[in-house]
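Asker: My questions all concern the structure below.
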């Protein structure tokens, strides 16, 4: 693995597990709860993070078609997104795109990381490496939101428990 992508790949692997930890003890009702005042649900945030990983795959030149509608990929709120898949479907989508990312991020080389990114993202230097750095921060931000929403639902805090996984392999 290229040395400059190694720390980001570690963050993406950690975030993969943290999302799974955050949803493992939820049911669909709790995952779709919006709180007061209404905010985006955990289910929406997991779908959004899955969609963001599809963008990441696209930026790396390793497109994996998203299971979500084109309208969902542009949604910033639950109202714009429409009905969400079940938590089981979201978990399967998350694991599938995460395994895809884990395999392909390790194959990036110096030339690819230095290429201009097709997406100009905040705080990025315009390269693929800069875009991936922003996306790692973006995921971590939303994981914090999910952690707070869990506590508001009366759930235990987010767990940092890690399962051993091989890149590209779904499941424990």
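Asker: For residue 77, indicate whether it is under 19 Å from the mean Cα position of the chain (by Cα) and exposed (fewer than 14 other Cβ atoms within 10 Å of the Cβ). Walk me through it before giving the result.
Answerer: On the way: under 19 Å from the mean Cα position of the chain (by Cα): yes; exposed (fewer than 14 other Cβ atoms within 10 Å of the Cβ): yes.
Taking the combined requirement at face value, the residue satisfies it.
Asker: Exactly one of (1) over 15 Å from residue 148 (Cβ atoms); (2) at pLDDT below 95; (3) surrounded by 19 or more Cβ atoms within 10 Å (Cβ to Cβ) is unmet by residue 1. Its number?
Answerer: Tallying (1) over 15 Å from residue 148 (Cβ atoms); (2) at pLDDT below 95; (3) surrounded by 19 or more Cβ atoms within 10 Å (Cβ to Cβ), residue 1 fails exactly one: (3).
Asker: Just checking, how many residues over segment 119-151 are part of a loop (DSSP other than H, G, I, E, B) and in contact (Cβ under 8 Å) with a residue 60 or more places away in the chain?
Answerer: First, the residues of segment 119-151 that are part of a loop (DSSP other than H, G, I, E, B): 119-126.
Next, only the ones that are in contact (Cβ under 8 Å) with a residue 60 or more places away in the chain stay: 119.
Adding up the residues that qualify gives 1.
Asker: Identify the single condition in (1) surrounded by fewer than 18 Cβ atoms within 10 Å (Cβ to Cβ); (2) farther than 30 Å from residue 154 by Cα; (3) at pLDDT 95 or above that residue 57 does not satisfy, given that it satisfies every other one.
Answerer: Result: residue 57 fails condition (1) only.
Asker: With the condition kept exactly as written, say whether any residue in segment 108-115 is without any contact (Cβ under 8 Å) to a residue 12 or more places away in the chain and part of a loop (DSSP other than H, G, I, E, B). Walk me through how you get there before you give the answer.
Answerer: Let us first name the residues in segment 108-115 that are without any contact (Cβ under 8 Å) to a residue 12 or more places away in the chain, namely 111.
Restricting the remaining residues to those that are part of a loop (DSSP other than H, G, I, E, B) gives none.
Within segment 108-115, not a single residue is without any contact (Cβ under 8 Å) to a residue 12 or more places away in the chain and part of a loop (DSSP other than H, G, I, E, B).
Asker: If we scan segment 22-37, do we find a residue that is under 14 Å from the mean Cα position of the chain (by Cα) and modelled with pLDDT of 95 or more? Explain how you work it out, then say what you get.
Answerer: Residues of segment 22-37 under 14 Å from the mean Cα position of the chain (by Cα): 22-23.
Restricting the remaining residues to those that are modelled with pLDDT of 95 or more gives 22-23.
Yes - at least one qualifying residue is present in segment 22-37.
Asker: Scan segment 68-107 for residues that are under 30 Å from residue 41 (Cβ atoms) and either in contact with a strand residue (DSSP E or B) (Cβ under 8 Å, 6 or more places away or on another chain) or not in a helix (DSSP H, G or I) (or both) and jot them down.
Answerer: Result: 68, 69, 75, 76, 77, 82, 83, 84, 85, 86.
The values are calculated or read from the model by the stated rules, or taken from the named source; none is laboratory data. What you see is a predicted model, and the numbers here were worked out from it, not measured in a lab. Backbone-built Cβ (ideal geometry, glycine too); neighbour counts: all protein chains shown.
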